[in-house]
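Novice: Sharing a structure with you now.
The values are calculated or read from the model by the stated rules, or taken from the named source; none is laboratory data. A quick note: this is a predicted structure, and the numbers were derived from the prediction, not measured. Every residue, glycine among them, receives a Cβ derived from its backbone with ideal geometry; neighbour counts consider all protein chains shown.
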């Protein structure tokens, strides 16, 4: 009789090579729920049966594949989980990651976009303020010029239309 076995240490090393980090453990279970290997390795969990938990936890072992969200029986954190039963083998590979770690990049991007929107709104507000201020200055200058011209006239004011005819509206300034 010839047998061949894979050491759990080899599986731990293989799972570690995926580079998912400590917040994203990868584990291999037997179909009956027993934990065979896990990265990061926690010795007291090896051999423990995880099929006896909640209905969501049991679904990991009853379906050929599953993607769900559940509270981890190991650390109690809210996690996203993906599992897959190996074809022709009584093994299930489970990968999880905390919801916080999964959403961290999204939160960072959202904060960046909110900051950029606030900066854009500030720039638009500053530009509108400067335009309004410039228009107010020009109007004040034109009013000053008109007032000066009218105040310095001794005879009157004659207005012409676009075809250079005297306008009907004439005012005499006294």
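Novice: Take segment 46-61 and flag every residue that is touching a residue at least 12 places away in the same chain (Cβ under 8 Å), part of a helix (DSSP H, G or I) and farther than 12 Å from residue 33 by Cα.
Specialist: 56
Novice: Just wondering, is there one or more residues in segment 105-128 that are touching a strand residue (DSSP E or B) at 6+ places or on another chain (Cβ under 6 Å) and surrounded by 10 or more Cβ atoms within 10 Å (Cβ to Cβ)? First the steps, then the outcome.
Specialist: Of segment 105-128, the ones touching a strand residue (DSSP E or B) at 6+ places or on another chain (Cβ under 6 Å) are none.
No, that holds for no residue.
Novice: Still on this structure, I have one more. If a residue must be in contact (Cβ under 8 Å) with a residue 60 or more places away in the chain and in a strand (DSSP E or B), how many such residues does segment 76-101 contain?
Specialist: Going through segment 76-101 one residue at a time, the tally reaches 8.
Novice: Is there any pair linking a residue in segment 62-75 that is at negative phi and touching a residue at least 24 places away in the same chain (Cβ under 8 Å) to one that is surrounded by 15 or more Cβ atoms within 10 Å (Cβ to Cβ) and assigned to a strand (DSSP E or B), with Cβ under 6 Å and at least six apart or on different chains, and which?
Specialist: Taking only residues 6 or more apart or on different chains, the pairs are 69/80; 72/79.
Novice: Related question: Only one residue in 100, 147 is under 30 Å from residue 50 (Cα atoms) and surrounded by 10 or more Cβ atoms within 10 Å (Cβ to Cβ). Which one? Reasoning before the result, please.
Specialist: Working: 147 fails: under 30 Å from residue 50 (Cα atoms).
Being under 30 Å from residue 50 (Cα atoms) and surrounded by 10 or more Cβ atoms within 10 Å (Cβ to Cβ) holds for just one of 100, 147, which is 100.
Novice: Here are the criteria: (1) farther than 19 Å from residue 68 by Cα; (2) in contact with a strand residue (DSSP E or B) (Cβ under 6 Å, 6 or more places away or on another chain); (3) modelled with pLDDT under 85. Tell me which single one residue 24 does not satisfy.
Specialist: (1)
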